[in-house]
Amino acid sequence: RQHIIEEKINIDAEQDWHLKDVLFVSVEGKDVAFRVEHISKDKVYFVAVDAVGKSTMTNMNNYLDNYLEKMPKALVNQMCSIEHVVDCNTIRKSKLVLLSGKNVSSEAKHDYTGADDIEFDGLKTETERCKNLDGETAWYWLDTPWERAPRVDSSTGFIYVGIGGWPNGSYYATHTSAVVPCFSIARKPKANC
């Protein structure tokens, strides 16, 4: 059962969010569905229901920053920063990020210490992790490097979620794959973002 939220821009911080609620966000005139995939004591985490496009990892920060610029300002102003830290290296701290390896799996190859590196309750099964792009199931990037010493160059491999919904091996950073963005909002008006 899905509880679909009709409101598109003004998110009430006191709203009673539930796992799997869907929020439609207008991006360049298209309603993009984001689903609540985790609720912590301070934040509600939304993940795109399907991939929003394709990018290489070498260009991912630009892709996400450009996408964030296209999102409604009223929503962006309510978003909290999400922090992913892998093996003592900050991968990205921004209002719009990719999922980390820890968000989609309890099996940790790395040391995840970011404030938002938590396993999401709504992404524990392969089916829940599958994403489509243009009507077909797609492989999509996670922001977690395959190697334990993260860097982004053409030879760096990043973990991806395969078409079966499982976080697999890695693709090189120059490979083009699907993009599934994630953002969060505070659960309470005074919560620290």
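Scanning the range 174-185 for residues that are assigned to a loop (DSSP other than H, G, I, E, B) and crowded, with 21+ Cβ neighbours inside 10 Å yields a count of 1.
When residues in the range 51-83 are screened for being without any contact (Cβ under 8 Å) to a residue 60 or more places away in the chain, in contact with an Asp or Glu (Cβ under 8 Å, 6 or more places away or on another chain) and within 17 Å of THR144 (Cα to Cα), 1 of them pass.
Residue-wise test of (1) free of Cβ contacts under 8 Å to residues at least 60 places away in the same chain; (2) touching a His at 6+ places or on another chain (Cβ under 6 Å); (3) open to solvent by 20 Å² or more (accessible area, probe 1.4 Å); (4) farther than 19 Å from ALA48 by Cβ.
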{"site": "GLY101", "(1), (2), (3), (4)": "no, no, no, no"}
{"site": "ASP121", "(1), (2), (3), (4)": "no, yes, yes, no"}
{"site": "GLU126", "(1), (2), (3), (4)": "yes, no, yes, no"}
{"site": "THR137", "(1), (2), (3), (4)": "yes, no, yes, no"}
{"site": "THR156", "(1), (2), (3), (4)": "no, no, no, yes"}
{"site": "TYR160", "(1), (2), (3), (4)": "yes, no, yes, no"}
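Restricting attention to the range 91-98, does a residue exist that is surrounded by fewer than 18 Cβ atoms within 10 Å (Cβ to Cβ) and β-branched (Val, Ile, Thr)? Within the range 91-98, not a single residue is surrounded by fewer than 18 Cβ atoms within 10 Å (Cβ to Cβ) and β-branched (Val, Ile, Thr). Looking for something open to solvent by 20 Å² or more (accessible area, probe 1.4 Å) and polar (S, T, N, Q) - is there at least one such residue anywhere in the range 69-78? Checked against the condition, which is being open to solvent by 20 Å² or more (accessible area, probe 1.4 Å) and polar (S, T, N, Q), the range 69-78 yields at least one hit.
The values are calculated or read from the model by the stated rules, or taken from the named source; none is laboratory data. Because the structure is predicted, anything quoted here is derived from the model rather than measured. Heads up, the Cβs are rebuilt from the backbone with ideal geometry, glycines too, and the neighbour counts pull from every protein chain shown. Quick note on the areas: whole protein, heavy atoms, side chains included, nothing else; ligands and nucleic acids left out. Shrake-Rupley method; radii C 1.70, N 1.55, O 1.52, S 1.80 Å.
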